Amino acid sequence: MTTDANVVLNECAGVLQYCQACFEGLKAYTTEDGRIVTFRPDQNALRMMDSAARLEMPQFPKERFLDAVTRVVKANAAYVPPYGSGATLYLRPYMFGSNAVIGVKPAEEFQFRVFATPVGPYFNSDAKPVTICVSDFDRAAPHGTGHIKAGLNYAMSLHAIVEAHKQGFDENMYLDAATRTKVEETGGSNFLFVTKDNKIVTPKSDSILPSITRRSLVYVAKEYLGLEVEEREVYMEEVKDFAECGLCGTAAVISPVGKIYDHGKEIPFLSAAEGMGPVIRQLYDTLTGIQMGRIEAPKGWIHVIDQEDK
Ligand SMILES: *Cc1c(COP(=O)(O)O)cnc(C)c1O
């Protein structure tokens, strides 16, 4: 454990020259009954192992990952915001190649670290629907690294997001790079659509980052709400036929999409005027209810940080 947030590295470090780095994101928060918990951290551990394998980094063991997260939260328990505030303690586990490498090859030494920082509520009063545009840039190549949480996926999306913001959009919708006909995801969240007859549809692709929030929402839709769910390829052409659209990720859980702009064509969704559409609202309320301890969680989803044995 260290209180020093600075990392000193050789300038030839693998992370600085060849971007050999991956990360995770999760939050610690206070439930209704006053416990400090994290949500499905085992899934973050497993995903980081997948990211590491693809980047020729050692797979940090799941048990050690969970232990590190637990210890960081315990040490920062005073900074975990209270129940009802909507604020959380954001946790960022990450790993990078740290020794000097000059030929193009994987590093031999790595650092695994976790930092924590309190973050405010994602939604201030109510969920304001976001406006997104179909990007002319690609996020992930077929057979590339779109399915892992690598910093390099973000480095190349920065230009696209700055451009989108300049045009007044909140986010980019990326299409599949090979045919540019299928929906992938935004820079940092997965799509979830609702059909007019209340079916959930979520895009399936090897170059989408498998969002833990999206997978949890799919489970909630099936097992708690009795909704039908289709995980399949979603064509851009059919997006106009969906009733509701949301973006899934740890930060917001699910944020409603008001409009998608596809090269001059405007595609509106039910959420536009009244915040979240009804089905996305139900999904949001149920999953946040599970997270906050108001609704019984599936086994293993809530990881309690025991504060007695500090
Ligand atoms: C982290 C991330 C998500 C969201 O994943 P969660 O596990 O739900 O936080 C979605 N897309 C990309 C590209 C990501 O990096």
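Go over the candidates 92, 113 one by one and state the one that is within 16 Å of the ligand (Cβ to nearest atom), among the basic types (Lys, Arg) and outside any loop (DSSP other than H, G, I, E, B).
92
Could you tell me which residue of segment 150-175 is surrounded by the fewest Cβ atoms within 10 Å (Cβ to Cβ), considering only residues that are of a type in the set (Asp, Glu) and away from the ligand (no atom under 14 Å from the Cβ)? Before you say what the answer is, go through the steps one by one.
From segment 150-175, those of a type in the set (Asp, Glu) are 163, 170-171; that's our starting set.
With away from the ligand (no atom under 14 Å from the Cβ) added as a condition, the list becomes 163, 170.
Values: 163: 15, 170: 19.
Checking each candidate, the answer is 163.
Scan 73, 69 and give me the residue that is buried (at least 16 other Cβ atoms within 10 Å of the Cβ), under 25 Å from residue 288 (Cα atoms) and within 16 Å of the ligand (Cβ to nearest atom).
Details: 73 fails: within 16 Å of the ligand (Cβ to nearest atom).
Of the residues listed, the single one that is buried (at least 16 other Cβ atoms within 10 Å of the Cβ), under 25 Å from residue 288 (Cα atoms) and within 16 Å of the ligand (Cβ to nearest atom) is 69.
Return the total of residues in segment 203-215 being more than 8 Å from the ligand (Cβ to nearest atom) and in contact with a Lys or Arg (Cβ under 6 Å, 6 or more places away or on another chain).
1
Please work out which residue is surrounded by the fewest Cβ atoms within 10 Å (Cβ to Cβ), limiting yourself to segment 19-58 and to residues that are touching a Gly at 6+ places or on another chain (Cβ under 8 Å) and among the acidic types (Asp, Glu).
Top of the filtered list is 33.
With 238, 223, 266 as the choices, which residue is among the acidic types (Asp, Glu) and in contact (Cβ under 8 Å) with a residue 24 or more places away in the chain?
When all the criteria are applied, what remains is 223.
Which residue pairs have Cβ atoms under 6 Å apart, sit 6 or more places apart or on different chains, and have a first residue in segment 186-203 that is without any contact (Cβ under 8 Å) to a residue 40 or more places away in the chain and a second that is part of a loop (DSSP other than H, G, I, E, B) and away from the ligand (no atom under 16 Å from the Cβ)?
Note: pairs meeting the criteria are 199/228.
Could you please find all residues in segment 178-210 being hydrophobic (A, V, I, L, M, F, W, C), assigned to a loop (DSSP other than H, G, I, E, B) and within 23 Å of the chain's Cα centre (by Cα)? Walk me through it before giving the result.
Taking segment 178-210 first, the residues hydrophobic (A, V, I, L, M, F, W, C) are 178, 183, 191-194, 200-201, 208-209.
Applying the additional criterion that residues be assigned to a loop (DSSP other than H, G, I, E, B) yields 178, 208-209.
Passing the criteria: 208, 209.
Please determine, by comparing only the residues of segment 105-136 that are over 20 Å from residue 260 (Cβ atoms) and β-branched (Val, Ile, Thr), which one is nearest to the chain's Cα centre (by Cα).
119
Hey, could you check segment 233-284 for residues that are in a helix (DSSP H, G or I) and within 16 Å of the ligand (Cβ to nearest atom) and say which is surrounded by the most Cβ atoms within 10 Å (Cβ to Cβ)? Show your work before the answer.
Quick first cut of segment 233-284, residues in a helix (DSSP H, G or I) only: 236-241, 271-274, 278-284.
Next, only the ones that are within 16 Å of the ligand (Cβ to nearest atom) stay: 280, 283-284.
Numbers: 280: 30, 283: 28, 284: 22.
Selected residue: 280.
Looking only at segment 118-141, decide whether some residue is over 26 Å from residue 254 (Cα atoms) and either modelled with pLDDT under 95 or in contact with a strand residue (DSSP E or B) (Cβ under 8 Å, 6 or more places away or on another chain) (or both).
Quick first cut of segment 118-141, residues over 26 Å from residue 254 (Cα atoms) only: none.
No: segment 118-141 contains no residue that is over 26 Å from residue 254 (Cα atoms) and either modelled with pLDDT under 95 or in contact with a strand residue (DSSP E or B) (Cβ under 8 Å, 6 or more places away or on another chain) (or both).
So which pairs qualify, if the first residue must be in segment 149-175 and outside the structural domain of residue 45 (by TED's automatic domain parsing), the second must be surrounded by fewer than 16 Cβ atoms within 10 Å (Cβ to Cβ) and β-branched (Val, Ile, Thr), the Cβ gap must be under 7 Å, and the two must be at least 6 apart or on different chains?
175/181
Here is a list of conditions, (1) at pLDDT 95 or above; (2) out of contact with any helix residue (DSSP H, G or I) (no Cβ under 9 Å at 6 or more places or on another chain), and residue 243 meets all of them except one; can you say which number that is?
(2)
Could you list, in sequence order, the residues of segment 21-57 that are charged (D, E, K, R) and in a loop (DSSP other than H, G, I, E, B)?
24, 32, 33, 35, 40, 56
The values are calculated or read from the model by the stated rules, or taken from the named source; none is laboratory data. What you see is a predicted model; the values in this text were computed from it and never measured. Because the Cβ atoms are built from the backbone with ideal geometry, glycine has one as well, and the counts that use them run over all protein chains shown.
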